[in-house]
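**Student:** Can you read through this structure? Questions will come right after.
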Amino acid sequence: MNFRSAKREDLPVVISWIPDAAACRRWAGPAVSFPLTLTSLMQEIDFSPHNSYCLTEFEAIVGFGQMIPKSEQRIHLARIIVPPARRGQGYGRHLCRALLIYAAELNYPRISLNVYRDNSAALKLYHSFGFRLIDKIQAGGQAEDICYMEAEPYQPQCF
């Protein structure tokens, strides 16, 4: 598998993974409108090859995610997605590992993300990488159905 900066040409593939407004909100939050268009998505997610990344396998895109600097102390993982047909096969783990390794290389002391409380697969994955839940008061009053999580930079395990 290969981890690389995303290109504008990758976004139609990512758009094809979002079938409806509910899936769009779950992936990108309320700031991204549905139906998705290339132009609106690029604007609404502040797309840049410097903040957007793809995981590929044999040239096929098998994951997309963003890393958004929030301060000199924290970078935020956002809009992490794997195509529906590839979910549950470890692609999300590969993508998150790649994002976290790159975030560590950028020397951010804290990494954050948001996830829906009922997304048990994602919660389990994020916990496995050392993310911990931060209470709503510390997180700035998140919506009831969203968890805010933080972790220290990822240290890959050698076996």
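The values are calculated or read from the model by the stated rules, or taken from the named source; none is laboratory data. If you're wondering where the values come from, they're calculated on a predicted model, not measured in any experiment. We place every Cβ from the backbone using ideal geometry, glycine too, and count neighbours over all the protein chains shown. To get the accessible areas, we keep the full protein, side chains included, count just its heavy atoms, and leave off ligands, DNA and RNA. Shrake-Rupley method; radii C 1.70, N 1.55, O 1.52, S 1.80 Å.
**Student:** Among the residues that make up region 99-107, is at least one of them surrounded by 20 or more Cβ atoms within 10 Å (Cβ to Cβ) and not hydrophobic (A, V, I, L, M, F, W, C)? I'd like the intermediate steps shown before the answer.
**Tutor:** Residues of region 99-107 surrounded by 20 or more Cβ atoms within 10 Å (Cβ to Cβ): 99-100, 103.
So of that shortlist, the ones also not hydrophobic (A, V, I, L, M, F, W, C) come out as none.
No: region 99-107 contains no residue that is surrounded by 20 or more Cβ atoms within 10 Å (Cβ to Cβ) and not hydrophobic (A, V, I, L, M, F, W, C).
**Student:** Quick check on my filter: what residues within region 7-30 are open to solvent by less than 70 Å² (accessible area, probe 1.4 Å), in a loop (DSSP other than H, G, I, E, B) and at pLDDT below 95?
**Tutor:** Selection gives Gly29 alone.
**Student:** Tally up the residues in region 32-81 that are under 15 Å from the mean Cα position of the chain (by Cα) and free of Cβ contacts under 8 Å to residues at least 12 places away in the same chain, please.
**Tutor:** Final tally of qualifying residues: 1.
**Student:** Under 8 Å between Cβ atoms, at least 6 apart or on separate chains: pull out the pairs that start in region 1-14 with a residue that is under 13 Å from Ile45 (Cα atoms) and of a type outside the set (Val, Ile, Thr) and end on any residue that is modelled with pLDDT of 95 or more and in a helix (DSSP H, G or I).
**Tutor:** Arg8/Leu38; Arg8/Met42; Leu11/Leu38; Leu11/Leu41; Leu11/Met42
**Student:** Mind checking which pairs have a first residue in region 97-120 that is among the aliphatic types (A, V, I, L, M) and a second that is assigned to a helix (DSSP H, G or I), Cβ under 7 Å, 6 or more apart or different chains?
**Tutor:** Short answer, once both residue conditions are applied: Ile111/Leu100; Ile111/Ala103; Leu113/Tyr126; Val115/Ala122; Val115/Leu123; Val115/Tyr126.
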